[in-house]
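**Student:** Right, I'll just put the structure down here and ask away after.
The values are calculated or read from the model by the stated rules, or taken from the named source; none is laboratory data. Not measured: the values here are computed from a predicted model. Neighbour counts run over all protein chains shown; Cβ positions are idealised from the backbone, glycine included.
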Ligand SMILES: [Zn+2]
């Protein structure tokens, strides 16, 4: 770690630094076993029977939210195209799974590399999210 940690603020879009729109925030859901009674580091913790949950909001502007939609659509299209291409090979569906994974994950990797090069900060690098993960919170699906 040589770079100073960029400042995180509710009012600033995390990926691009423009003024954030509260309606466009991304949400990261983090869980932890309830018996550990974990501290939410200032985030409200929803206590459950088996698992505690934090719904962490990551500030974004409208453009970055829309960019997220487009990326998701491209990645889903990649999965579908990969699955279709795989179906052309007789393999009882196995090649569809492989094709979908290769195309979908490949596109995800390419898009993420492109965004980093374009100067956007990744949602996963949002400092409160990183420090909660470091404290043992795991992403919920
Ligand atoms: Zn933005």
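**Student:** Could you tell me which residue of the range 88-109 is modelled with the highest pLDDT, considering only residues that are in a helix (DSSP H, G or I) and surrounded by fewer than 13 Cβ atoms within 10 Å (Cβ to Cβ)?
**Tutor:** Of everything passing the filter in the range 88-109, 109 is modelled with the highest pLDDT.
**Student:** Here's another thing I want to ask about it. Go through 8, 34 for me and flag whichever is modelled with pLDDT under 95, within 16 Å of the ligand (Cβ to nearest atom) and within 17 Å of residue 132 (Cα to Cα).
**Tutor:** 8
**Student:** Scan the range 44-62 and tell me whether some residue there is in a loop (DSSP other than H, G, I, E, B), without any contact (Cβ under 8 Å) to a residue 12 or more places away in the chain and within 17 Å of residue 132 (Cα to Cα).
**Tutor:** yes
**Student:** Still on this structure: Could you list, in sequence order, the residues of the range 110-136 that are buried (at least 16 other Cβ atoms within 10 Å of the Cβ) and more than 16 Å from residue 58 (Cα to Cα)?
**Tutor:** 111, 115
**Student:** Can you tell me which condition residue 67 does not meet? The list is (1) surrounded by 14 or more Cβ atoms within 10 Å (Cβ to Cβ); (2) within 16 Å of the ligand (Cβ to nearest atom); (3) closer than 17 Å to residue 128 by Cα, and all the others hold.
**Tutor:** Status for residue 67: all satisfied but (3).
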